[in-house]
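What follows draws every value from the coordinates through simple rules; no lab data is involved. The shown structure was predicted, so the numbers you read here are calculated from the model rather than taken from an experiment.
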Amino acid sequence: MTHRARLNPWIERRIFPGACPPSLSEMMRIFEPARFSVLDVENLRLHYAKTLEHWLARFEAAVPKVTDMFGESFVRTWRLYLAGSLGAFATGELQLFQAVFARARDNSIPWTRDFLYARSKPQGRAHGTL
C-alpha cells in the first residue's frame with residue numbers, strides 16, 4: 001500500500017507552495033466509490049528522472065540569462081530542486097504514477113499499452129529515425 005509522504009518543507013516553501021500530491025492509495029479511494037474501472041497503473045519515475053535530466057541540462061545552458069533575470073539565489077534554488085528531484089526519482093525515493101481509468105460500463109478501452117508506444121513514420125524523415 002502506498003502512503004503519502006509529507007512534501008519536503010523546503011520544496012513546499014520555495015517551489016510548490018500548497019502542493020498536495022496524492023498517493024496511489026488515495027487515488028484509488030477516489031476511483032472506487034465513483035465506480036470507475038482502473039484500467040492501468042504505471043510508475044513513470046524513471047521517465048520523469050529522464051525528463052528532469054533534460055530540464056536540468058536546458059536550465060544549465062540558460063543560467064547566464066536566468067541569473068540576469070532572477071538572480072543567483074533563484075538559480076541555486078532551482079538547480080538544487082531539479083538535481084535533487086532527478087536523483088530522487090532515479091533512486092526510487094520519489095514516485096510518479098499514471099492511472100488510466102474509465103466509467104465502469106465503458107468497454108471501448110485498449111487491451112494493452114501498445115498504442116502508447118507504437119511508432120509512426122515521422123513526417124519528413126526516414127522511417128525509424130528521430
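Assorted remarks:
- Gaussian network model of the chain, Cα within-10 Å springs - most flexible of Y48, Y81, Y117: Y117
- For the chain, taking the reciprocal of the average inverse distance between every pair of different Cα atoms yields a Kirkwood hydrodynamic radius of 18.0 Å.
- When the chain is treated as a Gaussian network with alpha carbon springs shorter than 10 Å, the biggest mean-square fluctuation among L56, L116, L80 belongs to L116.
- For the chain, relative contact order (Cα pairs under 8 Å, six or more residues apart, normalised by length) works out to 30 percent.
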